[in-house]
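The structure under discussion appears below in the form of structure tokens.
Only the coordinates and a few stated rules stand behind these numbers; no lab work does. Since the structure is predicted, the reported quantities are computational estimates derived from the model, not experimental observations. Virtual Cβ from ideal backbone geometry, glycine too; neighbours counted across all protein chains shown.
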Amino acid sequence: MSEKPIAITKSRGAPPAGSYTPALVFRDLVFVSGQGPLDPNGAIVSGTIEEETERTLRNVEALLVAADSGLDRVLKCTCYLADIEDFDRFDEAYRRVFAGHLPTRTTVEAGLAGIKVEIDAIAYRTT
């Protein structure tokens, strides 16, 4: 019998905005698809890079909580910025939300449509 990942499709965060699973759990790992600054109804919450970063990380957090994990268990994030010039302000907001726990991270500039930031994550969970 082969193990299969468990789909996490419902959380208190934003619904998926495309054809993907918001998060998958495989064994003790949680893989969170790229999240953006969306409200629970799926509408973009436009704001400063700091506001969009916090909203995005709260959506990541909601999926992690639904998967029995949390921000304190994030191992790696990949962060996409519409404008790399926002990096310093993004980094301040990111650091504030993670509150001392700093996972490994890659940050790149990307062509994002209508948002300033998108973040995916890999975390672990305790079963």
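When the helices of the chain are scored as -39500 (n - 2.57) per DSSP H run of n ≥ 4 and the total is divided over every residue, the value at 222 nm lands at -7500 deg cm²/dmol. For region 16-66, the Kirkwood hydrodynamic radius from C-alpha pairs, put into Stokes-Einstein at 20 °C and a viscosity of 1.002 mPa s, yields a diffusion coefficient of 185 µm² per second.
Would you mind classifying region 71-127 by shape? Square roots of the alpha carbon gyration tensor eigenvalues, ordered a ≥ b ≥ c; an a/c under 1.5 is rounded, otherwise it is prolate if a/b is larger than b/c and oblate if not. The shape class here is prolate. Extension gain for Ala17-Phe98 works out to 26.7 nm (0.36 nm per residue, less the C-alpha to C-alpha distance). Taking the Cα centre of each part, how many Å lie between region 1-53 and region 78-113? So the separation of the two Cα centres works out to 17 Å.
Put a dot 7 Å past the Cα of Arg105, heading toward its Cβ, do the same for Asp68, and the two dots end up 2.9 nm apart.
Note on Lys4: aspartates and glutamates with a C-alpha under 20 Å away, same-chain residues under 8 apart excluded, are Asp28, Asp68. Starting from the Cα of Ser46, move 7 Å in the Cα-to-Cβ direction to define the label point; list residues of region 82-119 whose amide nitrogen is under 14 Å from there. Output list for this probe position: 113-117. The protection proxy used here, the mean number of other Cβ atoms lying within 10 Å of each residue, ranks peptides 115-122, 64-71, 40-47 as follows, highest first: 115-122, 64-71, 40-47.
Among 57-63, 13-19, 90-96, 104-110, sorting by the average number of other beta carbon atoms lying within 10 angstrom of each residue, highest first, gives 57-63, 90-96, 13-19, 104-110.
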